Amino acid sequence: MIAEAGHFALALALFVALAQGVLGLYGAQRGDKAIMGAASGAGVALMLLTCLALASLTYSYVISDFSLVNVATNSHSAKPMLYKISGVWGNHEGSLMLWVTILAVFGAAVVLSGRNLPPHLKARVIGVQGLVALSFLAFILFTSNPFERLARPPLDGNGLNPLLQDPGLAFHPPFLYLGYVGFSIAFSFAIAALIEGRVDAAWARWVRPWTLAAWVFLTLGIGLGSWWAYYELGWGGWWYWDPVENASFMPWLAGTALLHSAIVVEKRDALKSWTILLAILTFSLSLLGTFLVRSGVITSVHSFASDPGRGLFILAMLTAVAGGSLMLYAIRAPSLKAGGLFAPVSREGGLMFNNLIMSTAAGSVLLGTLYPLFVDALGGGKVSVGPPFFNSVFIPLMIPMIAAMAVGPMLTWKRGDLVGVLLRLKFVLAASLVFAGLVWISTGGRIGDLAAIGGMALAAWLFFGSLWELGERALLFKAPWAEASKRLRQIPLAAWGMTVAHAGVALVIVGIVGSSTWMEEHIQNMKIGETVRLRDADVKLDSAQEVPGPNYNALQGNFVFSRDGKEFLRLSPERRQYRMPPRPTTETAIQSTFLGDYYTVISDPAPGGGYVTRFYWQPMIPWLWTGILVMTLGGLISLFDRRHRVGVPQGKRRP
Amino acid sequence: MKSRLAYLLPVLIFVGLLGFFFKGLFLDPKAIPSVLIDKPVPNIDLAALPGRGDTGLKSEHLKGQVSLVNIFGSWCVACVAEHPYLMKIKAEGSVPIMGIDWRDDPKAGMAWLQKHGDPYERVGADPAPGHASVDFGVTGAPESFVVDRDGRIRYKHVGIIDDRVWKQTLLPIIKELQK
Amino acid sequence: MKRLMLALMALAICSPALAVDPGEMLKDPALEARARDVGAELRCVVCQNQSIDDSDADLAKDLRQIVRERITAGDSNDQVKQYLVDRYGDYVLLRPPFNAKTVLLWLGPLGFAIAAFFIGRAYYRRQKQEAVALSPLSAQESAEIDRLMKDRN
């Protein structure tokens, strides 16, 4: 019954979304307040209906209603409650439900928060949101119905892939979708602006917080996925340039560019058509990711059961959404008036530099991801494009980018003084070189490490440079402390956010460079009582025993770490054998320290009475995760800037 | 006018991509074409399965007649499904089938043949790491190769041979080569 | 249904796990390190998008062993890769070789970067033209204005 109610709500939502789209766009065209009001009402109704449908599906999972195909294939009665719930979006149909629900919630948020938006702009935004929701709802109802019943319900379900039964992965998809869908708001604003033929600072002030929020979610979502891969897969890596990872990374790159170009629109009324294009591309890349993952066009280690029929439907959606909006762009964008002027060396110039590099990076990732498809479609057979390609393309692009990130924020608007800024950064340069030198000496001073040392210097340059910029703003070393602290408090949150986020990027670089350069790996057979040297520790396999779990059996190894004969750490990784579906997983045991992670894995018993064990010393990896968190924190701080607060009349204050 | 064209560029690129995506829906990204087509069979010299009575499988056994080389293993679930059809091909006598018992204990392979029937003219044992099978570019079992009289590989089929595959694809190729 | 079965089978043999096993590692650490370098660049042909070092598929294990045999037999890293390319095609290389088929792949990013440069340059040039058309300020005047603007900041 509950499931039927959900199904009904979903079907009703389809019509409501259609009404929302048509009424919003038509009402705005006519300038009819009543029609526009009806579109707003539809937006709220859509949210309620999709929430109802998602709730009923979740309910079916919670009570393990195996008469639903979706529940029977993806859940199991013995699964812990958290994973019963996360199982809702751990599959194709359910994840689309979550997606469309978030879309409707965001749409309703525009309805409810956008009181001082110009009514016609608001109606158009809501209308576009309605049309996007319509296409997703049609996709769900016609090809991927989660409420399909089974004639003969099985006694128990198939279970969820145990690799996915993990807190990191339980929350990874929702954050990703919050990110993707958040970008749909920027997209809708872009379409509305194209229809009206008007982009101004007020428009950018509306788009920025939504973009920022989407960016924060997406950053967190990608970070969670990466973190999960790191501790769950048990081979010490955290990024594989897999097509599915790329599918989330491309919107991130484009979204990061959008975030920066929207600043130029807001402050200087320039880069307008470019920003509109980025808004369209960012959301289109999110949809493209969906297409790639769910159509089976590109092979990947991740997979939703793919289906060409669904692929065709998503392709049609992609054509309508991306193709239609790019067409609209081609027609309307040329009439957008160019705005404020600026020189290449200026704050705007720096932001534009960021944009060009981010776009080049996104284009390169897209090229690498799709290239096997291109060659195959042209009859050229199969080629593989793997991590070595992406690394060799991506790193050279990021070097000028990072170098410029410390300089850009210090340039003045319109026309900056590059030499002056570089002179002001002389202490930062010196500090980064000293830092890099210290790292080099402390890691043994090998010539082969010099590239990595360069990376460390770059990270330090960005980190110190970001802090220096903030210090200069506050006249930290020039004015008396009382004055400086007063100035520090007056610095707008958006500027704090930038500093924090950029510093986060620096931490991420330290993590990437450190872990890829100085990682230590030991793979061996170990008997009970044997010891292996890992970096500065003697690791002894103290004992190993069987441990029962709720829906698995585990082999647990207990490792004792000691330094100079003194025990300082115990780690107990597990090798789990899940019962339903029968699948082994590794549960790593990791201890993070300031300089890196001790990472242990135990595998099956080896012939001859020992166990296969793996130890890693993962240097600087905690900095990577911290850096991602710091980046999102920066985004959040910026989001709380009063100029970004949705619904608050904009202040006159300038940074 | 020139600048208006620049604004058209994104949508043009997108339309180009769409063409590829559409084509991609009907391609199988997992199908890997063999690079050995029209090349001589690799140089192999495989021991016989214990108690089968043949002398194993060597490259020269694949010359002088058109043959079908079939990769199987006692561990392979799909091979059980394919096996009855191989028995039928043998009964028809249209082409000799040569077996390669891949990544298998030769004894287990022999026992498996005794249980499910033996459609092969000759069988070579290729225990792990399966050098001969890797030389054939094998990615899984079952896989089958059509080899012509000169000992060249002419066609590779990945997966189970069933009635459709046999009648529509393999048999016509074999008939053509036997002319 | 058949599709689903195949997908499940593929998953079953391709669950990412501890791949490189101590039993298969070479005694000589230098040779083993080379084997790891080669293995990381070879694609497990059964499991999509994993290197043979990262995959616990049986075939990946075999290929790891064959890589080690070739290295022990004195092959260079490139010869080992070529050995597998001869059998499986360029498909096994995670770093695609530079040839007619991949020229656009390898030059593409460079092309994007060059295009980005020209887009940026065109933007500033057009801006300059418009600026000249709009504001008949002399260079001196605009420099003066810039100076004043800077002081204000």
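The values are calculated or read from the model by the stated rules, or taken from the named source; none is laboratory data. What you see is a predicted model, and the numbers here were worked out from it, not measured in a lab. As a convention, Cβ positions derive from the backbone with ideal geometry for all residues, glycine included, and neighbour counts pool all protein chains shown. The area values use the complete protein model at the heavy-atom level, side chains included, leaving out ligands, DNA and RNA. Shrake-Rupley method; radii C 1.70, N 1.55, O 1.52, S 1.80 Å.
Take the residues of the range A:49-75 that are within 17 Å of A:Ala104 (Cα to Cα) and hydrophobic (A, V, I, L, M, F, W, C): which is most open to solvent (accessible area, probe 1.4 Å)? My answer is A:Leu52.
When the range C:93-118 is examined, which residues are found to be within 7 Å of another protein chain (Cβ to nearest Cβ) and of a type outside the set (D, E, K, R)? C:Leu93, C:Leu94, C:Pro96, C:Thr102, C:Leu105, C:Gly108, C:Pro109, C:Phe112, C:Ala113, C:Ala116, listed by residue number. Against the test of being touching a residue at least 60 places away in the same chain (Cβ under 8 Å), assigned to a helix (DSSP H, G or I) and either more than 22 Å from A:Ala133 (Cβ to Cβ) or touching a helix residue (DSSP H, G or I) at 6+ places or on another chain (Cβ under 8 Å) (or both), the options A:Ala19, A:Ala45, A:Ala9 yield a single qualifying residue, A:Ala19. Checked against the criterion of being open to solvent by less than 50 Å² (accessible area, probe 1.4 Å), within 14 Å of chain C (Cβ to nearest Cβ) and either charged (D, E, K, R) or on the phi > 0 side of the Ramachandran plot (or both), the candidates A:Asp417, A:Asp376 yield just one match: A:Asp376. Of the candidates A:Leu160, A:Leu164, the single residue that is at pLDDT below 80, within 21 Å of A:Ser64 (Cβ to Cβ), of a type in the set (A, V, I, L, M, F, W, C) and buried (at least 22 other Cβ atoms within 10 Å of the Cβ) is A:Leu160.
Of all the residues that make up the range A:351-372, how many are more than 7 Å from chain C (Cβ to nearest Cβ), open to solvent by 10 Å² or more (accessible area, probe 1.4 Å) and either over 23 Å from C:Phe117 (Cα atoms) or basic (Lys, Arg) (or both)? Of the residues in the range A:351-372, 1 are more than 7 Å from chain C (Cβ to nearest Cβ), open to solvent by 10 Å² or more (accessible area, probe 1.4 Å) and either over 23 Å from C:Phe117 (Cα atoms) or basic (Lys, Arg) (or both).
Any residue in the range C:34-43 that is within 11 Å of chain A (Cβ to nearest Cβ), more than 16 Å from the chain's Cα centre (by Cα) and over 23 Å from B:Asp104 (Cα atoms)? Taking every residue of the range C:34-43 in turn, at least one turns out to be within 11 Å of chain A (Cβ to nearest Cβ), more than 16 Å from the chain's Cα centre (by Cα) and over 23 Å from B:Asp104 (Cα atoms).
Given the structure, is A:Gly114 at pLDDT below 90, out of contact with any strand residue (DSSP E or B) (no Cβ under 7 Å at 6 or more places or on another chain), more than 22 Å from A:Pro173 (Cβ to Cβ) and among the small types (Gly, Ala, Ser)? Taking the combined requirement at face value, the residue satisfies it.
Within the option set B:Arg103, B:Arg52, B:Arg4, being open to solvent by 30 Å² or more (accessible area, probe 1.4 Å) and in contact (Cβ under 8 Å) with a residue 40 or more places away in the chain holds for one residue only, B:Arg52.
For the structure I just gave you, tell me whether A:Gln577 is part of a strand (DSSP E or B), within 14 Å of chain C (Cβ to nearest Cβ) and under 27 Å from C:Ala33 (Cα atoms).
no
Looking across the range B:83-98, just one residue is crowded, with 21+ Cβ neighbours inside 10 Å and over 19 Å from B:Ile173 (Cα atoms), and that is B:His83.
Just name the residue that is nearest to the other protein chains (Cβ to nearest Cβ) out of those in the range A:585-626 that are assigned to a helix (DSSP H, G or I) and closer than 21 Å to A:Pro167 by Cβ. Walk me through how you get there before you give the answer.
To start, the set of residues in the range A:585-626 that are assigned to a helix (DSSP H, G or I) comprises A:621-626.
Those left that are additionally closer than 21 Å to A:Pro167 by Cβ: A:621-622, A:624-626.
Working: A:Ile621: 18, A:Pro622: 23, A:Leu624: 20, A:Trp625: 20, A:Thr626: 26 Å.
Going through the qualifying residues, I end up with A:Ile621.
Could you tell me which residue of the range A:392-406 is most open to solvent (accessible area, probe 1.4 Å), considering only residues that are at the interface with chain C (Cβ under 9 Å from one of its Cβ atoms) and out of contact with any Pro (no Cβ under 7 Å at 6 or more places or on another chain)? Walk me through it before giving the result.
The first filter runs over the range A:392-406 and keeps only residues at the interface with chain C (Cβ under 9 Å from one of its Cβ atoms), leaving A:392-394, A:396-397.
When the remaining residues are screened for being out of contact with any Pro (no Cβ under 7 Å at 6 or more places or on another chain), the result is A:392, A:394, A:396-397.
On the way: A:Ser392: 52, A:Phe394: 27, A:Pro396: 76, A:Leu397: 25 Å².
By that ranking, first place goes to A:Pro396.
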